[in-house]
1. Label residue 205 and residue 127 with points 7 Å out from Cα along Cα→Cβ: what is the distance between them in nm?
2. What percent antiparallel are the DSSP beta bridges of the chain, to the nearest 5?
3. What is the dipole size for segment 95-270, taken about its Cα centre, with +1 at each Lys and Arg Cβ and -1 at each Asp and Glu Cβ, in debye to the nearest 20?
4. Tell me, what does the Kirkwood hydrodynamic radius of the chain come to in angstroms if you use every pair of distinct C-alpha atoms?
5. Could you pull out every residue, at least 5 positions away or on a different chain, whose amide H is within less than 5 Å of the one on residue 190? Hs are placed 1.01 Å off N in the peptide plane, and Pro or chain starts have none.
6. May I ask you to compute the full-extension gain from residue 289 to residue 262, defined as 0.36 nm times their residue separation minus their alpha-carbon distance, rounded to one decimal in nm?
7. For the chain, which DSSP H helices look membrane-span-like by this rule: Cα extent along the axis of 18 Å or more and mean Kyte-Doolittle of at least 0.0?
8. Excluding ligands and nucleic acids, what accessible area in Å² is computed for residue 277 using a 1.4 Å probe, to the nearest 10?
Amino acid sequence: MKHKLLIYHKDAKLYGEILSKKLPELEICSASRPEEVLNFIEEAEIIFSWKIPDDLLKRAKSLVWFAAMGAGNEHLVNNPHLPEAVIFTKTTVYGEMMAEYVFAYLLYFLRDLPKYFRDQSKKVWGQARPERLRGKTMGILGLGWIGKEIAKRAKAFGMHVIGLKRNPAPMENVDQVFGPGDLKKMIPLVDYLVMVLPLTPDTIHFLGEEELGLFKEGATLLNIGRGKTIDERALVQTLKKGKIKAILDVFEEEPLPKESELWNLENVIITPHVSGINIPEEICEGFIRNYEKWTKGKPLTNLVDRGRGY
Ligand code: OXD
């Protein structure tokens, strides 16, 4: 008998095409709307999805493995329709892409690209002396598999890299690892602070008014993890003072409401949650590796730790 996989996603057909070629032994239902799964959901043994409505999840009576397409799955961790007995995995392919996002923006400003774009449009030949990444201090909040990719590239650029981790221990490419209790010591040291924290009860508003006040003049805050890890009201107030800049890919509410003051601040760059975009081929590779383990009864990788919340 074929194992039954439900792919539930707006691009489900695309994922379905990739997986049906690589895993022809699976019976696959690729759906992007609830009505498309009604005849399948109760028999689905595996669900491969990012967000699936509770009404569907609770009907998945044969479910043994929920393979999340997302990295942060806070919306599912305590979901009563996803009981402990169901294997729960996440997707960990986004690190390189998110690191590319970070350095795209850092270099864009450091190498004065906006000035050269403006100059070119006016046929102006005006050389400016660039700043260097070398020697600058990058702080990374969250040294998991995404933070590690950022640290590796920061080191390659000659930066001094410091980071904060739940359980601090020496790490490759990180010059100093702090624990959560050292946050206030760490913030004044950084030129750039990159936040890649998962959202858990411990990380909500991890940066509040007090912490935001500790940055050195001219520092840049980048949040590519979860919006709720920063108190956005306090962030707006801090940014209005003009002491720091922010590059924000995630927000307390998404899409960022039109009335948010963040849109109007000149020291803020806003992107719409795109630092780690889904590339179906890459996401499917991880699924296939785990599927092969699953069929052999071997332990899966990238398990979500429900206790920790990610
Ligand atoms: C994720 C995301 O996968 O933010 O966690 O897209």
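The values are calculated or read from the model by the stated rules, or taken from the named source; none is laboratory data. These figures come from a predicted structure and were not determined experimentally. Note: ideal-geometry Cβ built from the backbone for every residue, glycine included; neighbour counts use all protein chains shown. Heavy atoms of the whole protein, side chains included, go into the accessibility calculation; ligands, DNA and RNA do not. Shrake-Rupley method; radii C 1.70, N 1.55, O 1.52, S 1.80 Å.
1. The answer from the label model is 5.1 nm.
2. Antiparallel bridges: around 5 percent, rounded to the nearest 5.
3. It comes to approximately 800 debye.
4. Computed over Cα pairs of the chain, the Kirkwood hydrodynamic radius comes out at 21.2 Å.
5. Placed amide hydrogens put 216 under 5 Å from residue 190.
6. Gain on extension, residue 289 to residue 262, equals 5.6 nm.
7. What comes out of the filter, once short or polar helices are dropped, is 95-110.
8. Using a 1.4 Å probe on the heavy atoms, I get roughly 80 Å².
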